[in-house]
1. Tally the residues that are within 14 Å of chain A (Cβ to nearest Cβ), surrounded by fewer than 22 Cβ atoms within 10 Å (Cβ to Cβ) and in contact with a helix residue (DSSP H, G or I) (Cβ under 8 Å, 6 or more places away or on another chain), restricting the search to the stretch B:38-83.
2. Can you confirm whether residue A:286 is within 14 Å of chain B (Cβ to nearest Cβ) and either surrounded by fewer than 24 Cβ atoms within 10 Å (Cβ to Cβ) or at pLDDT below 95 (or both)?
3. Of the conditions (1) in a loop (DSSP other than H, G, I, E, B); (2) modelled with pLDDT under 95; (3) surrounded by 22 or more Cβ atoms within 10 Å (Cβ to Cβ), residue B:8 satisfies every one except a single condition; which number is it?
4. Within the stretch A:346-359, which residues are touching a helix residue (DSSP H, G or I) at 6+ places or on another chain (Cβ under 7 Å) and either closer than 22 Å to residue A:295 by Cβ or away from chain B (no Cβ under 14 Å) (or both)?
5. In the set B:286, B:242, which member is part of a loop (DSSP other than H, G, I, E, B) and touching a strand residue (DSSP E or B) at 6+ places or on another chain (Cβ under 9 Å)?
6. Conditions: (1) at pLDDT below 95; (2) part of a helix (DSSP H, G or I); (3) over 26 Å from residue B:75 (Cβ atoms); (4) within 14 Å of chain A (Cβ to nearest Cβ). Residue B:294 meets all but one. Number of the miss?
7. Condition test on residue A:318, is it over 25 Å from the mean Cα position of the chain (by Cα), modelled with pLDDT under 90, within 11 Å of chain B (Cβ to nearest Cβ) and under 19 Å from residue B:154 (Cβ atoms)?
8. Give just the number: which of (1) under 21 Å from residue A:323 (Cα atoms); (2) buried (at least 17 other Cβ atoms within 10 Å of the Cβ); (3) within 14 Å of another protein chain (Cβ to nearest Cβ) does residue B:109 not satisfy?
């Protein structure tokens, strides 16, 4: 945890152990704004949305401002039926009472095991610990780090990002925390991200902006249709900077800052993917349509055979070309070019005559590299970040109950 | 290799080492009919079909009968451009000359590394060895087993099946060999299968029959769109039994026998899947449409998280329900039932009140079991066979160049 992370004014943080995780690990986080904040969220599209997702979606659809966010790890409150919804309401009610807020302004997230009843009493005890923690007045950076730790499941490191940018109305700050996800298809490990800013922005504009940002960041590290029951990205704008952003130039600055932060958190999630030893960018260009570029990108990024080759540091372009071929996109094999970073491997559908295995292998040994596919059939492109598939991935997921 | 395998009359077999694989492993197989046989085939739908697939597809489209099949392992002759096609023709030409057949009646398959030129000279030397081997007159079962071994790549065991059935015209025999595939999504390891019979049947009928049979067998262990560059199922009917099958009852007997053999070989492929320790049947019922049943089936069967849980013998129904939820099918979560074999785990979208973890865990410890999902929303169903995702899978695919 760097001391240089920009912490957004007007927000306080706390993280405690309440008893959901073993070994006294932090398992309950609070993000608290000094005042009600404009809220925008993107939720999972899974047909079995977890209880906090059902509850939060209704809350945001009702146009509620949000002042407090309570997040527990260790239990997903998913597949828990009507009782799950009642439990979210109870937790929100008690948190609201403890913080002297309206219940409607308390947002709840959960991540962890599916299908177990939420241990409500344990969490309610945790809320008392959180309010006590707020009074302790730890250094801000430490409190933020504790909150980021408390939302982790199989993550190895907390994910925190902060930036300050100048707008026409003055400086604004954004601070974000996230928890990661298994990086493999299908991605069912929950992804949670919270981005907080002291800017003021109109709710409708903020919602549309967050959707666009999520599509270009969090949705380019995993497959939309493959979301977990609990995936949530929440953004809060509390306006304490006094900068009310409404003209196009200022809104563009905010959107770019949100995108930078979202990509930063998304990158951290891939880098800390379950068992990941590599971060690989898959970049498809020259496609006839955006959908074609995306399909090929995802076919490669989701291929277990490609990902095990990355782990094995094997410049196995045959597996990549096979994935291109089964992505369900009409293409001309004789036009396809493939490079690993700057090393051309395939030219016009055949092994490049200049290609030497040693050059490809050198790229694959790097911790981060790009696989570039040019279809030479149009102008459209798509990029996705993925990780490799390692022994540790199997160990984590054969043993961990998520 | 059981001595009880039924060997189809009118076919001879040979397998030799010609130098494509290390350690003197068998790497070239010949299947030879006593007379030209009616042929039907199903090929990969990959957009980068390998040279022998391009060649074989043209050959069968031209209505050619087939008398000899030459199959090499160790090199896929895929992504080899025009030269690859020329190489197939050369190999077919030399094989035809050695066997004194028309070139058009020699069918060629390849499996192995993608993107390397086919070592034609090595294979041509192998053809001489094969003809010598035919003259050696080994026991038929041994010759068949050698052919089945020669087509293996990461397979641990040869896959051979044989049955005899009674038709209205007399008894017919079917003998099949196959090589397996990585059992994980996306399935790019090549699947090859050859089914030989001494029945006589009209070519058009035989082709339609094989397509239906493949859809209910080989295409229910891996995803159609995810085929490798080389996948091929070839069936030959040489008619030496004298049983010409043309009435509906006889054709139904043949189709059922083909299906039984195809399912038997498909089961062996899953059981010997790369690193597999479990064979799991995923059975979806009560779907509103056949497509909905299939989508959910494949979402579960292709989930790395579900498959690692199978490997970990973890009755992790949360991952299964999450996969049901992201399959892209409209459904009513509150109607979904899930069972592991006879153990009801989820009733109406919630953990069954009677379910005990120990009962689920006992099923998961079995080497073979079923996961049953009833959507209670219609009459349609789909079933697929899959395997688990183990450490050995990662080892095989991080190290093996396929």
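The values are calculated or read from the model by the stated rules, or taken from the named source; none is laboratory data. What you are looking at is a predicted structure, and each value in this text was computed from that prediction instead of being measured. Positions of Cβ are generated from backbone atoms using ideal geometry, with glycine treated the same way; all protein chains shown enter the neighbour counts.
1. Applying the first criterion (within 14 Å of chain A (Cβ to nearest Cβ)) to the stretch B:38-83 yields B:43-51, B:53-54, B:74-83.
From what is left, the residues that are surrounded by fewer than 22 Cβ atoms within 10 Å (Cβ to Cβ) are B:43, B:45, B:47, B:54, B:81-83.
Next cut, in contact with a helix residue (DSSP H, G or I) (Cβ under 8 Å, 6 or more places away or on another chain) only: B:43, B:45, B:47, B:54, B:81.
Residues in the stretch B:38-83 being within 14 Å of chain A (Cβ to nearest Cβ), surrounded by fewer than 22 Cβ atoms within 10 Å (Cβ to Cβ) and in contact with a helix residue (DSSP H, G or I) (Cβ under 8 Å, 6 or more places away or on another chain): 5 in total.
2. On the way: within 14 Å of chain B (Cβ to nearest Cβ): no; either surrounded by fewer than 24 Cβ atoms within 10 Å (Cβ to Cβ) or at pLDDT below 95 (or both): yes.
Spelling it out, it is not the case that residue A:286 is within 14 Å of chain B (Cβ to nearest Cβ) and either surrounded by fewer than 24 Cβ atoms within 10 Å (Cβ to Cβ) or at pLDDT below 95 (or both).
3. (2)
4. Quick first cut of the stretch A:346-359, residues touching a helix residue (DSSP H, G or I) at 6+ places or on another chain (Cβ under 7 Å) only: A:346, A:348-350.
Selection gives A:346, A:348, A:349.
5. Working: B:286 fails: part of a loop (DSSP other than H, G, I, E, B).
After ruling out the rest, the residue left standing is B:242.
6. Failed condition: (4).
7. On the way: over 25 Å from the mean Cα position of the chain (by Cα): yes; modelled with pLDDT under 90: yes; within 11 Å of chain B (Cβ to nearest Cβ): yes; under 19 Å from residue B:154 (Cβ atoms): yes.
It is true that residue A:318 is over 25 Å from the mean Cα position of the chain (by Cα), modelled with pLDDT under 90, within 11 Å of chain B (Cβ to nearest Cβ) and under 19 Å from residue B:154 (Cβ atoms).
8. (3)
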